[in-house]
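Everything on this sheet refers to the single structure shown next.
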Amino acid sequence: MTEVLDTANAIGRPIKRKEDARLLHGQTNWTDNIQLPGTVHMAILRSPVAHANITKLDISGALKRPNVVAAFGAEELGDLNGSVPCVWPVTDDIVMPDFPALAKGKVHHMGDCVAVVLATDATSAVDALEAIDVEYDVLPAVIDMEKAIAPGSTIVHEDKGTNTCYVYNLGGGYDEVAAKADVIVKRRFINQRLIPAFMEPRSVVAAPMGMSDEITVWSSTQIPHILRVLLALVTGVPENNLRIIAPDVGGGFGGKLQIYREEILVTQLARKLGKPVKWTETRSEDMVASHHGRDQIQDIELAATKDGKMLGLKVTLLADMGAYLQIITPGTPLLGMFMYPGIYKMDAYDFTCTGVFTNKTPTDAYRGAGRPEATYAIERIVDELANELGMEPMELRRKNWITHEEFPYTTVAGLTYDTGNYEAATAKALEMFDYDGLRAEQKQRRESGDPVQLGIGISTFTEMCGLAPSRTLGALKYVAGGWEHCTVRLLPTGKVEVITGTSPHGQGHETAWSQIASSILGVPVEDIEVIHGDTGRAPYGMDTYGSRSLAVGGQAIKAASERLVDKARVIAAHQLECSPSDLEFVEGVFSVKGDAEKSQPLGAVAFEAFTAHNLPDGVEPTLSAEATIDPQDFSYPHGTHLAAMEVDTETGKVTLRKYVCVDDIGIQVNPMIVEGQVHGGLAQGIAQAMYEGASYDEDGLLQTASLADYLIPSSMDLPSFITGSTVTPSTTHPLGTKGVGEAGAIASTPAIINGIVDALRPLGVNEMAMPASPMTVWKTIQAAKGGAA
Amino acid sequence: MQHISVTVDGMEYNAEVEPRTLLVHWLRNGIGKVGTVVGCDTSNCGACTVLLDGRSVKSCSVLAVQANGSEVTTIQGLADGNEWHPVQTAFKECHGLQCGYCTPGMVLAAVDLLGENPNPSEAEIREGLEGNLCRCTGYHNIVKSVAYAAELMGGGSK
């Protein structure tokens, strides 16, 4: 066993990011920056309607426009028109409609691709779209999920004969415990549709490289490795001839965890035309064509005794798939399936999810992916139970949560949480928040009839991170694994390459991964180069999503670094003429125990390994090591989030006055980056509660199709946050880490809504739709008062 | 086509542009200033913000021909040689960026804000950056960065 060095101790330090110098000087390599000689630019004619038969499509007009090189509809594209794949057929009888990159005779959502034009410059390509002659026979749009699965509904994919994609069941026994319950609280929550809206619009460049048969595809993606496999399968390009590069990627949040139709089209057309093809979406295209998130109707029942002991939970979901199944569309709601019981002990759990097709943009993973929905439902209904029982909501939680002595604990949903300390995180959060003081102020405001009422919102959450043990994924019918790879190379000059399969897009992997390797190799952080996001340079990987990069990828970096030290130790022992076990390794230097004069730094070992003049028998030249690690289990970050909400009962205006969170994500590699991840997650979760919602009209037209209509919060819409942490290391992850990318987004939404409802309880308000805009809040208050809204 | 002469990051460029060409498109596609980026098509996000004669503008809302005879500073010309602008330094020190896509616009908007108000309060910083969207940071560390930049520049946050 290799000693892990305390002396290098790069783990746990808030080191400033290596990435920033480039990003702060505009020395970036966004996909749209790539300008290859001879590039042709693609523009897409998209469906302006939700559901229609294409009765006429004539592209010939576009071909006559200046600078146009080619144009294609589905007919012209023929066999090159690949189907967008779904890799998570969640049930044996799941309905999987064909999803051609270019629509074949029928469009199924606003933004569906109808035809493409390629021109020598992007402007000419866009201009020529208007010369395409297209006619639609518009059909009724399927918008409402309940209507979609009712008899007589228009069917989105007629050949399938149903709008039900799948029905998934888990658990059982709820009815039995409910029969014994004193109280059953039932609620319907609408977890509205959201748009990821990463700041960098998607962009793809594909180029035949002229040497060998390689096609290089640059894409603004979170998943270059998975994209390579899937593009090979869809396009027929041999996988070995495809190189995928994710250069600088400007945010993803799940929205770039995808193989998009545009990636297929650009790749196929580069092959067909034999020259580089480029496409960059406009924001308006992004809003209708990049996948959306959430969109569930949640019917929740919580059964309990009159003294507040939870007995069982029943979850019945309708999950909007949208018009097609993308990479993990059907599985996304099921990522939440295990999390509905949250941190609570109970005896029974029934879960049913029905996936439903509608004429809307497909849904898929968005920051948290299933787990924010689950956390929202459980944390909202726990507050409703507390209200029903007349109990203090935190007391009810305490009474039911898993205590720190009870870990590892197998939940009613079947997961085994390895560690946690909900008491510690909560105690810290309550103190930082001044919970008692704010409750006193709330009481005073209620008594004085203040028009601005104060509410306190609680969210005590956990999540499953670190996707994922491959066998578990297999059991859930996901068609890939959840391992991660790392190769560590010590170069002859003493510099280090850490080659990772994770693919960052803002998370600071170059800095944090250097810290992990530094802590083991004793090499300074600045001498370590992290290589990622290029299947040519980092051939193995499962990429970045699901708070997995540190939890899984970090393990691979640790293991590979330790293996490298093991090999170096054998070489150093040979050089120093001692047994490997006689050597200690401190701050990058091997020295003979008890004789520190006899020593060799790791860099010198690397040079010996390079020259190979004097290696022990049986030891191969060069100094590198690799590790591919399948995680033992998920990790379970948790935390306590508290929101002080001021609600103007006369206008409906809601102000987030104070937000405190204490997250336990285990060991922190770089606390500065951790805090940043929490802040960003909070912003997105708060945005779901207060600001964002994709809305469609009855014809299926997206009403929030630009950043002028879809309300991403600005600096004026959010406060500064008060963040803290407790550290309960994961026992199933060797670095003790758990993952932090999604925590803020998962925890914050119910904290906000619970706070608003808490403020308005005296007015008889027990529910609040999201986003809680002033109009929504005002109408809810009026309805509770019995007045006309 | 119309002739324009624009000084960008200290170098004078002469070009023929279509009258409809947006300044940001000319910067990116005309002269390769790809540090300036496009994030939307409705002038909401501010990612394309540059300094035009010292004041911040969204370069998607200005025609290239309107910049004729002007001086433009992009994120690529903000540093003085190897010397970082204090706003750049502050964003690194305070972790005011994650993916970095909004950063060019955010930094230049902050430079203008601090030029106008060297001593801004948190509320004034938030108001001053309202036109620049960030999806990664929740603005928390951006606000801290601008306050710290004010300090570095001799003003200091209220």
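The values are calculated or read from the model by the stated rules, or taken from the named source; none is laboratory data. All figures in this text were calculated on a predicted structure; none of them were measured in a lab. For neighbour counting, all protein chains shown are included, and Cβ atoms are generated from backbone atoms with ideal geometry for every residue, glycine included.
General observations
- Positions within the stretch A:318-362 being within 15 Å of A:Cys165 (Cα to Cα) and acidic (Asp, Glu), in sequence order: A:Asp320
The rows are residues; the columns are (1) more than 20 Å from B:Gly155 (Cβ to Cβ); (2) not aliphatic (A, V, I, L, M).
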{"position": "B:Thr42", "(1), (2)": "yes, yes"}
{"position": "B:Leu78", "(1), (2)": "no, no"}
{"position": "B:Gly81", "(1), (2)": "yes, yes"}
{"position": "B:Leu97", "(1), (2)": "yes, no"}
{"position": "B:Leu113", "(1), (2)": "no, no"}
{"position": "B:Ala123", "(1), (2)": "no, no"}
{"position": "B:Arg135", "(1), (2)": "yes, yes"}
{"position": "B:Ile142", "(1), (2)": "no, no"}
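- Which listed residue, of A:Glu620, A:Glu692, A:Glu608, A:Glu646, is more than 30 Å from A:Gly481 (Cα to Cα), of a type in the set (D, E, K, R) and part of a helix (DSSP H, G or I): A:Glu608
- Only listed residue being under 29 Å from A:Asn241 (Cβ atoms), within 20 Å of the chain's Cα centre (by Cα), modelled with pLDDT of 95 or more and buried (at least 24 other Cβ atoms within 10 Å of the Cβ), chosen from A:Gly554, A:Gly508, A:Gly533: A:Gly533
- Scan of the stretch A:96-115 for residues that are under 23 Å from A:Asp295 (Cα atoms), out of contact with any Leu (no Cβ under 8 Å at 6 or more places or on another chain) and crowded, with 20+ Cβ neighbours inside 10 Å, ordered by number: A:Val107, A:His108, A:His109, A:Asp112
- Among the residues of the stretch A:511-538, those identified as farther than 27 Å from A:Ile215 by Cα and within 14 Å of another protein chain (Cβ to nearest Cβ) are A:Thr511, A:Ala512.
- Among residues of the stretch A:434-446 that are among the polar types (S, T, N, Q), those with a Cβ under 6 angstrom from a residue that is surrounded by 15 or more Cβ atoms within 10 Å (Cβ to Cβ), sequence gap 6+ or separate chain, pair up as A:Gln442/A:Leu454.
- B:Gly128, sole failed condition from (1) within 7 Å of chain A (Cβ to nearest Cβ); (2) in contact with a helix residue (DSSP H, G or I) (Cβ under 6 Å, 6 or more places away or on another chain): (1)
- Across the stretch B:95-103, a minimum of one residue is classified as more than 8 Å from every other protein chain (Cβ to nearest Cβ) and at pLDDT 95 or above.
- Filtered residues of the stretch A:621-639 (kept if under 30 Å from A:Tyr691 (Cα atoms) and in contact with a Phe, Trp or Tyr (Cβ under 7 Å, 6 or more places away or on another chain)): A:Tyr636, A:His638, A:Gly639
- Residues that are surrounded by fewer than 24 Cβ atoms within 10 Å (Cβ to Cβ) and within 31 Å of the chain's Cα centre (by Cα) number at least 3 in the following strands (runs of 3 or more DSSP E) confined to the stretch A:116-225: A:164-172, A:183-194.
- On inspection, B:Asp53 passes the criterion of being over 17 Å from A:Ala708 (Cβ atoms) and out of contact with any Pro (no Cβ under 7 Å at 6 or more places or on another chain).
- Filter result for the condition that a residue is farther than 24 Å from A:Glu742 by Cβ, in contact with a helix residue (DSSP H, G or I) (Cβ under 6 Å, 6 or more places away or on another chain) and surrounded by fewer than 21 Cβ atoms within 10 Å (Cβ to Cβ), over A:Ala348, A:Ala413: A:Ala348
- Of the residues making up the stretch B:25-78, those that are at the interface with another protein chain (Cβ under 10 Å from one of its Cβ atoms), of a type in the set (Gly, Ala, Ser) and either part of a loop (DSSP other than H, G, I, E, B) or within 9 Å of the chain's Cα centre (by Cα) (or both) are B:Gly32, B:Gly35, B:Gly39, B:Ser43, B:Gly46, B:Ala47.
- Some residue of the stretch A:691-702 being over 19 Å from the mean Cα position of the chain (by Cα), surrounded by 20 or more Cβ atoms within 10 Å (Cβ to Cβ) and at the interface with chain B (Cβ under 10 Å from one of its Cβ atoms): no
- Any hit, the stretch B:12-30, residues being at pLDDT 95 or above, in contact with a helix residue (DSSP H, G or I) (Cβ under 7 Å, 6 or more places away or on another chain) and small (Gly, Ala, Ser): yes
- A:Asp566 in a loop (DSSP other than H, G, I, E, B), in contact with a helix residue (DSSP H, G or I) (Cβ under 9 Å, 6 or more places away or on another chain) and charged (D, E, K, R): no
- Every condition in (1) surrounded by 21 or more Cβ atoms within 10 Å (Cβ to Cβ); (2) within 24 Å of B:Ser43 (Cβ to Cβ); (3) assigned by TED's automatic domain parsing to the domain that holds B:Asn141 holds for B:Ala90 except the one numbered (2).
- Residue that is nearest to the other protein chains (Cβ to nearest Cβ), among those in the stretch A:633-674 that are crowded, with 23+ Cβ neighbours inside 10 Å and among the acidic types (Asp, Glu): A:Asp663
- When residues of the stretch A:719-736 are limited to those that are outside any loop (DSSP other than H, G, I, E, B) and touching a helix residue (DSSP H, G or I) at 6+ places or on another chain (Cβ under 7 Å), the one farthest from the other protein chains (Cβ to nearest Cβ): A:Gly724
- Unmet criterion (only one of (1) in contact with a Ser or Thr (Cβ under 9 Å, 6 or more places away or on another chain); (2) surrounded by fewer than 18 Cβ atoms within 10 Å (Cβ to Cβ)) for A:Ala21: (1)
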